[in-house]
Amino acid sequence: QVQLVESGGGLVQAGGSLRLSCAASGSSFSSYAMGWFRQAPGKEREFVAAVTWSRITYYADSVKGRFTISRDNAKNTVYLRMDSLKPEDTGIYYCASTPSYIHESYLSQIYQYNYWGQGTQVTVSS
């Protein structure tokens, strides 16, 4: 079983920045792809960004140009740098991973991921 632990959430003003981290433990080869999803109050969970082992990245249109996903394979850690934050970015951010290959066009699909973290709260004030 792979365990994922998110950190770095907090309260930030609109236009500000925040960096989230997700540390994976367990199998060293169980994260072909790692992604970030978020869920706002009263809304369904949505895709934010994903990165493969080879560092191919994919972003939701709503965050493209503002967020940057990266990973440190040696540390089994994925990061999400969030810049120019907006109130609509508010939500609980979840880290997810899968050991299986996923084509870029499917990286945004929740059902593709096997493991999930507990989430970290991000609140953007206006």
(request) Might you report the magnitude of the Cβ-based charge dipole of the chain about its Cα centre, with Lys and Arg at +1 and Asp and Glu at -1, to the nearest 20 debye? (result) 180 debye
(message) Can you match Cα extents along the principal axes in Å to one of these, (1) 41, 26, 26; (2) 48, 26, 22; (3) 46, 27, 26, based on a calculation from the structure here?
(response) (1)
(request) Throw me the Rg/Rh for region 61-126, computed over C-alpha atoms with Kirkwood Rh, two decimals. (result) 0.97
(request) Please report how far the C-alpha centroid of region 80-126 lies from that of region 14-77, rounded to the nearest whole angstrom. (result) 5 Å
(message) I'd like to check one number: the per residue accessible area of region 42-93, probe 1.4 Å, reported in Å² as a whole number.
(response) 52 Å²
(request) Summarise the accessible area of region 20-126 (1.4 Å probe, protein heavy atoms) by the percent that is carbon and sulfur. (result) 48 percent
(message) At 1.4 Å probe size, what's the solvent-accessible area of residue 68? Round to the nearest 10 Å².
(response) 50 Å²
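The values are calculated or read from the model by the stated rules, or taken from the named source; none is laboratory data. Computed from a predicted model, the values in this text were never measured in an experiment. So basically every Cβ, Gly included, is an ideal-geometry build from the backbone, and we count neighbours across all protein chains shown. Ligands, DNA and RNA are stripped out before the accessible areas are found, and what is left, the full protein with its side chains, is counted by its heavy atoms. Shrake-Rupley method; radii C 1.70, N 1.55, O 1.52, S 1.80 Å.
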